[in-house]
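Remarks on the structure that follows.
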Amino acid sequence: MKTFIAPVVAIAGLLTAGYANAYTTYGCGSGSAKWSGTSKTIYANRASFPVGSGLESALYDAIARLNDNASNFTFNLVIDSYPPSLNNGYSEIWIENISPPGVTSLWWNGSCNLTEIDIRMDSSVTWTTSTSKTTQTNYGGTGRPFQTTLLHELGHGIGLGHEADEYNIMGQDWDHVSTNGESAYAYFGEDADDGAVFLYGGDGTQDVGVVHWRYTGASGEYSSHDRTRLLDPSTLAELPYSWVNGEKRYNVNRGQSVRVELTFENNGNDYQYEDTGYYVSTNSTISTIDTLLTTRSIGLSPDNVLTSAWNVTIPGNLNCSTAYWIGAVIDKDYSLVEYNSWNNATYIPIYTNFDFSCLFIFPGDITL
């Protein structure tokens with residue numbers, strides 16, 4: 001959430017679309033409110049973020065993910081012990097008992113330059129500061145990821161508004177994560193990166209990624225998200241599944257053709273055309289050492305999130321009644337010099353059905 005305070009100008013809180021893209025900014029006259037430079041110091045209260053605590057680590061994580069953005073803008077973090085307060089001339093982050101999970105207050109002057117932002121995180125929320133996916137509500141845990149909510153608020157802090165038209169950290173933040181294996185990481189994402197570049201110019205970095213989340217609609221000012229799916233290639237209906245450890249696990253037959261739906265993003269500055277490999281694995285960490293099923297090339301511009309499905313065939317030599325994971329690795333040959341590579345792979349769980357052929361052993365029936 002956010003609040004707007006513009007003591008020098010009369011216009012405050014108006015949102016403007018960034019050209020044809022989904023991101024929004026804070027309208028100020030004919031332009032957007034933003035920082036006058038490309039670097040700003042933001043202070044965090046030590047009482048809110050104790051030394052060596054999970055909250056301190058999550059704070060550093062969120063700032064680092066903001067600073068990964070494809071624009072020239074960065075926050076410099078300083079942790080101090082001075083009591084924080086609104087509109088005191090310093091941009092600050094602290095934790096207190098408030099109603100929403102997070103609130104950002106912004107001030108700007110008559111030149112549309114931001115002069116202060118203050119971020120307050122709610123102490124009453126059941127947070128998780130861990131990147132272990134099993135601690136997060138998205139994956140059967142009990143905590144809302146602190147990093148995703150703080151990253152959402154930091155997005156407000158550089159001049160971005162809420163987003164309801166695309167999969168976006170500035171929409172529903174808690175399930176805007178990059179997950180592979182046992183870890184789920186907060187990240188800024190294609191659309192927020194695009195908005196940051198609109199405000200502050202690009203820094204020339206490149207980054208592509210793939211996640212198993214997708215846009216499903218709008219909830220007020222916020223985009224809504226859900227898991228990507230396995231689909232029937234003929235009917236495009238979602239395949240049968242069961243919930244296992246907070247995730248959908250799809251029931252498939254050996255030799256079956258399925259459509260694997262995933263979301264691809266270009267979080268960098270320039271158009272990319274990258275080879276993507278689809279793999280099957282005996283665990284949830286998808287990598288290029290797994291069994292390659294098929295390859296496709298994907299063109300990605302840095303102004304549109306792409307949720308796309310691709311046909312793959314479940315290998316006929318998988319074990320029956322066994323859990324596997326299908327997934328993808330974008331830039332599988334590591335041809336692109338990227339700012340990040342931990343976001344290049346993700347998975348969807350599957351389970352092989354028992355069928356008549358499972359009663360027999362054929363030559364070539366081997367495990368992965």
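The values are calculated or read from the model by the stated rules, or taken from the named source; none is laboratory data. What you are looking at is a predicted structure, and each value in this text was computed from that prediction instead of being measured. All Cβ positions, glycine included, derive from the backbone under ideal geometry; neighbour counts span all protein chains shown.
For the reader, a short list of remarks on this structure follows.
- Among the residues of the stretch 64-113, the ones that are of a type in the set (D, E, K, R) and assigned to a strand (DSSP E or B) come to 3 in all.
- Residue match in the stretch 345-354 (condition: surrounded by 15 or more Cβ atoms within 10 Å (Cβ to Cβ), at pLDDT 95 or above and of a type in the set (Gly, Ala, Ser)): yes
- Exactly one residue out of Val8, Val51 is exposed (fewer than 14 other Cβ atoms within 10 Å of the Cβ), at pLDDT 95 or above, more than 26 Å from the chain's Cα centre (by Cα) and part of a loop (DSSP other than H, G, I, E, B): that is Val51.
- Among the residues examined, Asp333 does not qualify as in contact with a strand residue (DSSP E or B) (Cβ under 9 Å, 6 or more places away or on another chain), outside any loop (DSSP other than H, G, I, E, B), in contact (Cβ under 8 Å) with a residue 24 or more places away in the chain and acidic (Asp, Glu).
- For Asp290, the conditions (1) closer than 30 Å to Ala196 by Cα; (2) surrounded by 21 or more Cβ atoms within 10 Å (Cβ to Cβ) all hold with the exception of (1).
- Restricting attention to the stretch 133-189, the residues being buried (at least 23 other Cβ atoms within 10 Å of the Cβ) and of a type in the set (Phe, Trp, Tyr) number 4.
- When each of Arg120, Arg144 is tested for being free of Cβ contacts under 8 Å to residues at least 40 places away in the same chain and part of a strand (DSSP E or B), the lone residue that passes is Arg120.
- Pick from the stretch 72-103, criterion among the β-branched types (Val, Ile, Thr) and crowded, with 20+ Cβ neighbours inside 10 Å, ranking: nearest to Lys34 (Cα to Cα): Ile93
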